[in-house]
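Reading through the structure tokens given below for one structure.
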Amino acid sequence: MKLQICDLCKQFDGVPVLDHVSMELESGHIYCLTAPSGKGKTTLFRILMGLETADSGRLFMERVPIGAVFQEDRLCETFSAVDNVLMTSPSSMSRAEVRRELMELLPEEVLDRPAATLSGGQKRRVAICRALCALSELLILDEPFTGLDAGTKAEVVRYLQKKSAGKLTLLSTHQEEDILALDGIQITI
């Protein structure tokens, strides 16, 4: 899959957030979007997901399923970690398979607890697993490592690399070490 962005512009209340952004991306790579806070990373992701419209410019991309991690986890707080992942996973994926996926990131004893009882880092890992288990060709991850300690982040990086193989992956980060750990391609807007 290829994604081409040409001269994309977006303003909010007359303040430019995206100013003639252009890039070409293709499957099989992890692209790491960097920019200071407030410079349009999340807005670009929202446009790609169809949640926002650009003021001008064009997007050329196939209509494909998207797996997403937002800045906030967006879990169903009364559902267990397993049930949160099952909500977006393919119907062919069994409960046992979801448990195996989650156990790559979380201890088994938390998998059946309501999401509301999980720590912030545990919730983040459930959100990441949910996005990576969904049927998708495009992954959009908005600051996915927020709230993760160094050891946990290393586990999540390995899982992300494994699950994103062959997909077009676009994530935002403020950390140079994230780009290096992911063997990512840095894009600055």
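The values are calculated or read from the model by the stated rules, or taken from the named source; none is laboratory data. If you're wondering where the values come from, they're calculated on a predicted model, not measured in any experiment. Ideal geometry is used to build each Cβ from the backbone, glycine not excepted, and the neighbour counts take in all protein chains shown. What goes into the accessible areas is simple: the full protein's heavy atoms, side chains included, and nothing from ligands, DNA or RNA. Shrake-Rupley method; radii C 1.70, N 1.55, O 1.52, S 1.80 Å.
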Qualifying residue in segment 8-24 (condition: open to solvent by less than 70 Å² (accessible area, probe 1.4 Å), closer than 19 Å to A134 by Cα and out of contact with any helix residue (DSSP H, G or I) (no Cβ under 6 Å at 6 or more places or on another chain)): no
Complete set of residues in segment 111-143 that are assigned to a loop (DSSP other than H, G, I, E, B), closer than 21 Å to L3 by Cα and touching a Lys or Arg at 6+ places or on another chain (Cβ under 9 Å): S136, E137, E143
Inter-residue pairs, beta-carbon under 6 Å, first buried (at least 21 other Cβ atoms within 10 Å of the Cβ) and in segment 167-189, second aromatic (F, W, Y) and not in a loop (DSSP other than H, G, I, E, B), 6+ apart: L170/Y31
Residue count for segment 104-115, restricted to those that are over 14 Å from L132 (Cβ atoms) and open to solvent by 60 Å² or more (accessible area, probe 1.4 Å): 4
Qualifying positions in segment 25-41 - among the polar types (S, T, N, Q) and open to solvent by less than 50 Å² (accessible area, probe 1.4 Å): S27, T34
Any hit, segment 39-51, residues being over 28 Å from L106 (Cβ atoms), hydroxyl-bearing (S, T, Y) and under 17 Å from the mean Cα position of the chain (by Cα): yes
All positions within segment 148-189 that are assigned to a strand (DSSP E or B), under 14 Å from the mean Cα position of the chain (by Cα) and among the aliphatic types (A, V, I, L, M): L168, L170, L171
